[in-house]
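Engineer: First, the structure itself, so that you have it in front of you.
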């Protein structure tokens, strides 16, 4: 008797076809060696690098790129640290130039962040929309960090965003998905006439169950950094996040049973042996 292996369709993100639906960052790790190990363990094929914030060389003179296999990973340049559209566009262009020089396939896209303030690190919706329109016009595939507001998400898609990435909760907060109903509405609005449109939860993920929940809601992927880098055992958490992503995806595809107020017996209710039966 043969056993059929469960498989999933590739994750189509613009022109990029991926197997892993988990995208991880490179910041906040205690050492480059730890970062390298966690990237490997996570199974991710795409990793984000904050072009503006990232220190390419550490205090010992070591370059972060020496710990990233550029033949294995597609780099997703990140405009983190930008608070207006002009700066974000400038950083996006810089990221493209760097990756073109490195001959990495990530040169054609950008993870767009235009932040509203330093306390919440939530996006400025107006500036994000402005930057999206201009970057799309320049040929970028734009992955937009957004709030979980469905109308904002829809406007970003209409502006040409390759993917809208609503925040589960504030960046680095580890609170998980605070408003799943808004995420559900975002999914409905963005996928209503385009079921293959990629929606990724970005920010706030603290543990594997958060990743799994995002995928169970119907999201196509999860982007995270601090949840792994800040864990007490980052390598073990990287493994947990990988498995949580896969488990949530499979659960979403499989379709959960409906929730009921009362119990339903698992065993058959017909053909029962009578308590009074005697051998």
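The values are calculated or read from the model by the stated rules, or taken from the named source; none is laboratory data. Since the structure is predicted, the reported quantities are computational estimates derived from the model, not experimental observations. Cβ placement follows ideal geometry from the backbone for every residue including glycine, while neighbour counts extend to all protein chains displayed.
Engineer: Would you pick out the residues in the range 49-58 that are part of a loop (DSSP other than H, G, I, E, B) and either over 17 Å from residue 145 (Cα atoms) or modelled with pLDDT of 65 or more (or both)?
Structural biologist: Within the range 49-58, 51, 52, 54, 55, 56, 58 qualify.
Engineer: Continuing with the same structure: In contact with a helix residue (DSSP H, G or I) (Cβ under 6 Å, 6 or more places away or on another chain), surrounded by 19 or more Cβ atoms within 10 Å (Cβ to Cβ) and farther than 16 Å from residue 38 by Cβ: does that describe residue 199?
Structural biologist: Numbers: in contact with a helix residue (DSSP H, G or I) (Cβ under 6 Å, 6 or more places away or on another chain): yes; surrounded by 19 or more Cβ atoms within 10 Å (Cβ to Cβ): yes; farther than 16 Å from residue 38 by Cβ: yes.
Judged against the criteria, residue 199 is a match.
Engineer: Would you pick out the residues in the range 147-189 that are assigned to a strand (DSSP E or B) and either touching a residue at least 40 places away in the same chain (Cβ under 8 Å) or surrounded by fewer than 22 Cβ atoms within 10 Å (Cβ to Cβ) (or both)? Spell out the reasoning first.
Structural biologist: Kept after step one, since they are assigned to a strand (DSSP E or B), are these residues of the range 147-189: 163-166.
163, 165, listed by residue number.
Engineer: Right, another one. For the structure I just gave you, tell me whether residue 46 is surrounded by 20 or more Cβ atoms within 10 Å (Cβ to Cβ), at pLDDT 95 or above and either over 22 Å from the mean Cα position of the chain (by Cα) or under 18 Å from residue 27 (Cβ atoms) (or both). So that I can check it myself, show each step before the final result.
Structural biologist: On the way: surrounded by 20 or more Cβ atoms within 10 Å (Cβ to Cβ): yes; at pLDDT 95 or above: yes; either over 22 Å from the mean Cα position of the chain (by Cα) or under 18 Å from residue 27 (Cβ atoms) (or both): yes.
When the stated conditions are applied, residue 46 passes them.
Engineer: I need the full set of residues from the range 93-111 which are buried (at least 19 other Cβ atoms within 10 Å of the Cβ), touching a residue at least 40 places away in the same chain (Cβ under 8 Å) and within 19 Å of the chain's Cα centre (by Cα), in order please.
Structural biologist: Selection gives 106, 109, 111.
Engineer: Taking the range 192-214 on its own, how many of its residues are in contact with a strand residue (DSSP E or B) (Cβ under 7 Å, 6 or more places away or on another chain) and either part of a helix (DSSP H, G or I) or under 14 Å from residue 242 (Cα atoms) (or both)?
Structural biologist: 3
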